[in-house]
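The values are calculated or read from the model by the stated rules, or taken from the named source; none is laboratory data. Computed from a prediction, not measured in an experiment: that's the story for all the values here. So basically every Cβ, Gly included, is an ideal-geometry build from the backbone, and we count neighbours across all protein chains shown. Quick note on the areas: whole protein, heavy atoms, side chains included, nothing else; ligands and nucleic acids left out. Shrake-Rupley method; radii C 1.70, N 1.55, O 1.52, S 1.80 Å.
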Amino acid sequence: MANTLTVPGTLGIDFGTSNSAASYRAPGQAARLLPLEGTATGMPTALFFNTEEHSTHFGRDAMQQYLAGEEGRLMRSLKSLLGSSLLLEKTAVHDKLISYQDVIAIFLKRMADQSRAALDGRLPERVVLGRPVHFVDAYPERDRQAQDALAAAAKTAGLGEVSFQLEPIAAALDYEQRLTAEQLVLVVDIGGGTSDFTVVRLGPQQARHADRTQDILATTGVHIGGTDFDHRLNVSQVMPLLGYKHIGPQGREVPSSVFFDLSTWHLIQWLYSAKAMSAARNLKSDYCDLQLHQRLMKVLEWREGHRLADAVEQAKIAASQKHAAAGIALGWLEDGLPAEISPDVLQEQLQALLQQVVECAQSCVQQAGVTAPDAIYLTGGSSALRTLRDALRIAFPDVPQVEGDLFGGVATGLAYA
């Protein structure tokens, strides 16, 4: 007898470092993105645990709760913990100690519940999750552990036994739906935590084949993404205002670890522990300019680390989109703080990271044994960065760049996997 709790077809889930999305494909039909937050099909990968109301909030709602100053904890970039020893560390959530893997399961359950609601109360028979080419660079065992942990979280979330597909291949399957002739495509998927590449043969004829193994010529990936760009810009443009590189009375720089953690999305929450706060207060004797230390302590005591990181991210996006300098909104910290991100800053600060990303793309093409692809297909929110596209244009001159659905392309392709 058919299972009345499921609906025929495939659910594709793109659990991203910064943003997540889900899609559904009924047999023989086109895939469609599902609403996850109101009518929005994309949802920031963020949770806010409101301590006063004992409530849990997701996506934009989570960010709004946090930025409005509600009492509680914001968690972002949880995907970055997969493959890390921190994943099974316990943290207090609504008066209970749970692991960060359990927090991921809470977020996935929200995605499952929203998907079920969009499909008349039933989940599809088959669920496919995306995964990067490498969760962890150069450590195969940790990479396997990361996928196993994500599968376990999905099961806890009520998604059952899931299968996995590489995110750049999913993006390729999405792009293929619009092609009328064969193309050799370099898929460039730049997310919040990873940059993944695939050289694949796509077209209407290829789409008819159930086994696409022969069409995938090469895949590569590197653990660099949008959150790494944000980290680098935060360290260079904001952290000096809190004491980074400041020379203290003993002629030594203020210890830098607090600044690096405060600039890293998934490490910020650890700075609010009693031990970390005490260590930050004790840095006072390392400062000549005590105003810098006061700013640092204000960010920590007010638990505004994520707000600061968000201000850097928004300025990065604005500087890239407008190709002009964009101020970093720090008025809540102190009036008139001179912080901005310009196109020159993007170029200077991100050059080394972007070089590694582009080299990974070039390696993918070399491994595929081709001179150049017919097209470069761009997906993932961080692929919108103008500086990145310029670097790819230099590396692959005369190869057209095609922009896909930056936040929904992978999820849509997973439903075709």
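A few remarks follow.
- Gyration tensor verdict on region 49-97 (Cα atoms; rounded if a/c is under 1.5, prolate if a/b is larger than b/c, oblate otherwise): oblate
- Rounded if a/c under 1.5, otherwise prolate or oblate - region 1-96, Cα gyration tensor axes: prolate
- Choice from Leu330, Leu166, Leu233 with maximal GNM fluctuation in the chain (Cα, 10 Å cutoff): Leu330
- Calculated SAXS-style log₁₀ I(q)/I(0) at q = 0.14, 0.21 Å⁻¹ - region 7-168, Debye, Cα scatterers: -0.71, -1.43
- In angstrom, the C-alpha Rg and Dmax of region 227-348 are 14.1, 43.
- Atom-type composition of the exposed protein surface of region 227-348 places 48 percent of the accessible area on carbon and sulfur (1.4 angstrom probe).
- Considering only Gln114, Val188, His266, the residue lying farthest towards the positive end of the dipole of the chain is Gln114, judged by Cα position with unit charges set on Cβ.
- Ratio Rg/Rh [Cα only; Rh per Kirkwood] for region 298-417: 1.07
- Antiparallel bridges, percent of DSSP beta bridges restricted to the chain (to nearest 5): 70
- Accessible surface calculations at 1.4 Å, restricted to protein heavy atoms, place region 35-97 at 47 Å² per residue.
- Relative to the current alpha-carbon distance between His209 and His54, full extension at 0.36 nm per residue lengthens the span by 50.8 nm.
- With the helix formula -39500 (n - 2.57) applied to DSSP H stretches of n ≥ 4, the chain reaches a computed 222 nm mean residue ellipticity of -11500 deg cm²/dmol.
- Beta bridge orientation in region 7-168: antiparallel %, DSSP, nearest 5: 75
- Cβ-based charge dipole, the chain, positive-most Cα from Gly225, Phe135, Ala318: Phe135
- Label-to-label distance for Ala181 and Lys275 is 6.3 nm, based on points extended 7 Å past Cα in the beta-carbon direction.
- Percent of Cα-Cα distances greater than 26 Å, calculated over region 141-274: 50
- Neighbourhood charge, 12 Å Cβ-Cβ cut-off, centred on Pro27 and excluding it, Lys, Arg +1 and Asp, Glu -1: +1
- Per the Kirkwood formula applied to alpha carbons, region 136-202 shows a radius of gyration over Rh ratio, Rg over Rh, of 1.06.
- Divide the volume of the convex hull around the Cα atoms of the chain by the residue count and you get 155 Å³ per residue.
- Three-way shape label, region 64-130, alpha-carbon gyration tensor, a/c 1.5: oblate
- Rounded to the nearest 20 debye, the dipole magnitude of the chain is 440 debye, with +1 charges on Lys and Arg beta carbons, -1 on Asp and Glu beta carbons, and the Cα centre as origin.
- Each of the GluC sites (Glu not before Pro) that DSSP puts in a loop and that has at most 15 other Cβ atoms within 10 Å breaks the chain; the longest unbroken stretch is 183-333.
- Cα→Cβ-extended label distance, 7 Å offset, between Ile394 and Thr371, nm: 2.3
- The distance from the alpha carbon centre of region 76-93 to that of region 187-209 is 29 Å, rounded to a whole number.
- 10 Å Cβ shell holding at most 12 others, DSSP loop, trypsin sites (Lys or Arg not before Pro): longest site-free stretch of the chain: 1-177
- Principal-axis tilt of helix 140-156 within the chain, Cα atoms, nearest 10 degrees: 80
- Relative to the longest principal axis of the Cα atoms of the chain, helix 386-395 runs at roughly 60 degrees.
- The angle between the Cα long axis of helix 100-118 and the longest principal axis of the Cα atoms of the chain comes to about 50 degrees, rounded to the nearest 10.
- Computed over the chain: relative contact order in percent, which uses C-alpha pairs under 8 Å that are six or more apart: 19
- Charged side chains reduced to their Cβ positions (Lys and Arg at +1, Asp and Glu at -1) give region 227-348 a dipole of some 340 debye around its Cα centre.
- Basic side chains Lys and Arg get +1 at the Cβ, acidic Asp and Glu get -1 at the Cβ, and with that the dipole of region 296-417 about its Cα centre reaches some 120 debye.
- When the Gaussian network model of the chain links Cα atoms closer than 10 Å, the mean-square fluctuations of His246, His223, His134 top out at His246.
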